[in-house]
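Here's the structure we're looking at; comments come further down.
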């Protein structure tokens, strides 16, 4: 199963649909709280996480630790990595500072993309490659 977490569901509909049409089993959550719950309940069958970085902080993370929502995805990533060091993660976000980008580049099981630079069919290709390498 692939888990997508992004607070802009309408903006991700084409990506979600493309993944489904490419025969991937995908769940979408628009809040970090719902995403974290689904991650924890399905961690053994989760094959890939697709994660936005800038999202409302919710109950799982407080405002201060997420820098008012600007790094909610970073905190989510850290929580995931605390329990699963090898889960493939794709960061799909609008924009980010260079320091944050470099933070993710250190992880060999993480790929980073800006939304405006990746079309839905390209995401499906990336997902296919990531899952093939993870086998």
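Derivation of every value follows stated rules applied to the coordinates shown; laboratory data play no part. On a predicted model such as this, the values are computed, not experimentally measured, just so you know. Glycine gets a Cβ as well: all are built from the backbone with ideal geometry, and neighbour counts include every protein chain shown.
Quick look at the values:
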| quantity | calculated |
| --- | --- |
| Separation of the residue 79 and residue 47 label points, Cα + 7 Å toward Cβ, nm | 2.5 |
| Extension gain, residue 21 back to residue 106 (0.36 nm per residue minus Cα-Cα distance, nm) | 27.4 nm |
| GNM result for the chain, Cα springs below 10 Å: residue of 37, 106, 115 fluctuating most strongly | 106 |
| On Cα atoms only, tilt of 72-83 relative to the major axis of the chain in degrees | 70 |
| Quotient of C-alpha Rg and 2.2 N^0.38 Å, computed over region 1-69 | 1.14 |
| Tilt relative to the chain, helix 32-41 - C-alpha long axis, 0 to 90 degrees, to 10 | 60 |
| Over the chain: helical MRE at 222 nm, DSSP H runs n ≥ 4 each giving -39500 (n - 2.57), nearest 500 | -13000 deg cm²/dmol |
| Likely footprinting exposure, 75, 128, 10, fewest C-beta neighbours within 10 Å first | 10, 128, 75 |
| Theoretical FRET efficiency, 1/(1+(r/R0)^6), r = Cβ-Cβ of residue 114 and residue 86, R0 30 Å, to 0.05 | 0.75 |
| Computed FRET value (nearest 0.05) for residue 95 with residue 62, which takes r as the C-beta separation and R₀ as 25 Å | 0.60 |
| Fully extended contour minus Cα-Cα distance, from residue 40 to residue 121, at 0.36 nm per residue | 26.3 nm |
